[in-house]
1. Any residue at all in the range 67-85 that's aliphatic (A, V, I, L, M), in contact with an Asp or Glu (Cβ under 9 Å, 6 or more places away or on another chain), surrounded by 10 or more Cβ atoms within 10 Å (Cβ to Cβ) and part of a helix (DSSP H, G or I)?
2. Here is a check on your reading of the model: is Leu45 aliphatic (A, V, I, L, M) and at pLDDT 95 or above?
3. Tell me, yes or no, whether the range 74-84 has at least one residue that is in contact with a Phe, Trp or Tyr (Cβ under 7 Å, 6 or more places away or on another chain) and among the hydrophobic types (A, V, I, L, M, F, W, C).
4. What number of residues in the range 41-65 are surrounded by 13 or more Cβ atoms within 10 Å (Cβ to Cβ) and over 16 Å from Leu2 (Cβ atoms)?
5. Any residue in the range 56-76 that's without any contact (Cβ under 8 Å) to a residue 24 or more places away in the chain: show its pairings with residues that are β-branched (Val, Ile, Thr) and surrounded by 10 or more Cβ atoms within 10 Å (Cβ to Cβ) at Cβ separation under 9 Å, as long as the two are six or more apart or on different chains.
6. Limited to the range 29-39, what total is found for residues that are surrounded by fewer than 12 Cβ atoms within 10 Å (Cβ to Cβ), at pLDDT 95 or above and either part of a helix (DSSP H, G or I) or touching a Gly at 6+ places or on another chain (Cβ under 8 Å) (or both)?
7. Kindly establish whether Lys23 is surrounded by 11 or more Cβ atoms within 10 Å (Cβ to Cβ) and either touching a residue at least 40 places away in the same chain (Cβ under 8 Å) or charged (D, E, K, R) (or both).
8. Looking at (1) modelled with pLDDT of 90 or more; (2) out of contact with any Ser or Thr (no Cβ under 9 Å at 6 or more places or on another chain); (3) of a type in the set (D, E, K, R); (4) surrounded by 10 or more Cβ atoms within 10 Å (Cβ to Cβ), can you tell me which one Arg18 breaks?
Amino acid sequence: MLAERDRVVLEFEATWWRYPEPKDRAIREYLGMSATRYYQVLRRLLDDPVAESVDPLTVRRLRKVRDRAKEGRLTRRLPDGTPVS
């Protein structure tokens, strides 16, 4: 069972682009939490199998984004080809 707050965060993440204001302002106005807290909850939900069963498209899309960003950080190189540590 997914907590109500977690369900609302997933629903918001799936539709946040529909809100007229910037995302961080919409998070505060519609969810009543800080953007920092929102992203903490969202990151935790990405590894929760229950969250994936509730909204598989959103969870899998965000996992791909996270994995691409992680891969990009790991393979970042300087112009001469040497890896950045």
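The values are calculated or read from the model by the stated rules, or taken from the named source; none is laboratory data. Small disclaimer: the values here were computed from a predicted structure and weren't measured. In this analysis, Cβ positions are derived from the backbone assuming ideal geometry, glycine residues included, and neighbour counts consider all displayed protein chains.
1. no
2. Against the criterion (aliphatic (A, V, I, L, M) and at pLDDT 95 or above), Leu45 qualifies.
3. No, there is no match, as no residue in the range 74-84 is in contact with a Phe, Trp or Tyr (Cβ under 7 Å, 6 or more places away or on another chain) and among the hydrophobic types (A, V, I, L, M, F, W, C).
4. Total meeting the criteria: 2.
5. Filtered contacts from the range 56-76: no entries.
6. Total meeting the criteria: 1.
7. Yes; evaluated as a whole, the condition is true for this residue.
8. Only one criterion is unmet by Arg18, namely (4).
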